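Written below as structure tokens is the structure these notes are about.
The values are calculated or read from the model by the stated rules, or taken from the named source; none is laboratory data. This is a predicted model, so every value here is computed, not measured. Don't worry about glycine lacking a Cβ; one is built from the backbone with ideal geometry, like all the others, and counts go over all protein chains shown.
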Amino acid sequence: MENNDNLEIIANKNLEIAINEKQIALESRKIAKIQIKKARAREELAQRGIEIAKIKRELTEKTKNLIKNKKAVKDLLEYSDKGLDIEESLANYNEKLAYVQIDIAEIHKKIAEIEKKLAEENKSLIQEKIKNAKEREKLGKKQLFYIQNVRSGENEEKKNAAKESYLSQQKVLNKSEQKILEKNEDMKKIQIKLSDSKKQLSLKLSEREKIKPLH
């Protein structure tokens with residue numbers, strides 16, 4: 001009887017935990033959907049950043065060619081050496097900046113892609129948590145059903161069937177919990193990739209800061 005009393009406590013705790021887990025997971029799912037939308041928007045913005053950076057690089061190349069042509073006819077068109085030198089120095093500066101900026105934009109896109117993947121994995125994790133809460137709720141109900149059978153003096157066949165049912169449900173719950181652990185591990189791996197990419201970005205931003213126009 002003592003074991004059944006303990007099982008009843010466990011069953012009620014399972015039901016209580018299931019309700020709380022489901023509520024938290026459902027609210028978290030709303031946030032996850034918004035995070036995915038934001039991540040997709042950042043990914044699109046990062047792609048535009050790459051396109052702009054490449055256009056700027058093309059412009060610097062055209063500017064350098066223009067300066068080269070100006071130098072070829074500077075005497076004829078009376079371009080000043082000082083003016084051309086300043087233009088060339090600025091063009092060289094912009095060129096170096098443009099190449100680094102492309103790298104930065106590409107890293108931004110990589111980060112956005114990883115953030116999107118992380119958001120999608122988080123949503124998948126939350127879905128599994130919702131499923132887990134439902135499985136826990138089923139377990140609690142089946143445990144209580146078994147106790148009712150025992151206390152009402154049902155025959156052994158019915159009691160055994162009820163016991164087998166809740167033990168089987170416990171296995172289903174265990175599998176769901178294992179999936180949650182695996183998904184958490186997957187998210188950790190993605191978070192490590194995100195951290196590494198942010199370090200790369202930091203290095204590139206530092207490299208950009210070191211680029212100075214020559215006079």
Check: If we scan segment 25-42, do we find a residue that is within 30 Å of Tyr166 (Cα to Cα), assigned to a helix (DSSP H, G or I) and without any contact (Cβ under 8 Å) to a residue 60 or more places away in the chain?
Finding: yes
Next item on the list: Go through the residues of segment 199-214 one by one and say whether even a single one is assigned to a helix (DSSP H, G or I), closer than 30 Å to Ile86 by Cα, within 38 Å of the chain's Cα centre (by Cα) and of a type in the set (Asp, Glu).
Entry: yes
Margin query: Can you say whether Ser202 is at pLDDT 95 or above and closer than 22 Å to Asn12 by Cα, as far as the supplied structure shows?
Written below: no
Notebook entry, point to check: Considering only segment 169-197, how many residues are farther than 17 Å from Glu135 by Cβ and surrounded by fewer than 14 Cβ atoms within 10 Å (Cβ to Cβ)?
Noted result: 8
Note to self: Quick check on this structure: which one of Glu95, Glu61 is touching a residue at least 24 places away in the same chain (Cβ under 8 Å), assigned to a helix (DSSP H, G or I), within 40 Å of the chain's Cα centre (by Cα) and surrounded by fewer than 16 Cβ atoms within 10 Å (Cβ to Cβ)?
What the structure shows: Glu61
Next item on the list: Kindly indicate whether any position in segment 65-85 is in a helix (DSSP H, G or I), among the hydroxyl-bearing types (Ser, Thr, Tyr) and more than 30 Å from Leu144 (Cβ to Cβ).
Entry: no
Check: Exactly one of (1) buried (at least 19 other Cβ atoms within 10 Å of the Cβ); (2) free of Cβ contacts under 8 Å to residues at least 60 places away in the same chain is unmet by Val73. Its number?
Finding: (1)
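The rows are residues; the columns are (1) within 29 Å of Gln23 (Cα to Cα); (2) in contact (Cβ under 8 Å) with a residue 12 or more places away in the chain.
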site: Lys109; (1), (2): no, yes
site: Glu113; (1), (2): no, yes
site: Ala133; (1), (2): yes, yes
site: Glu137; (1), (2): yes, yes
site: Asn155; (1), (2): no, no
site: Ser165; (1), (2): yes, yes
site: Lys171; (1), (2): yes, no
site: Lys183; (1), (2): yes, yes
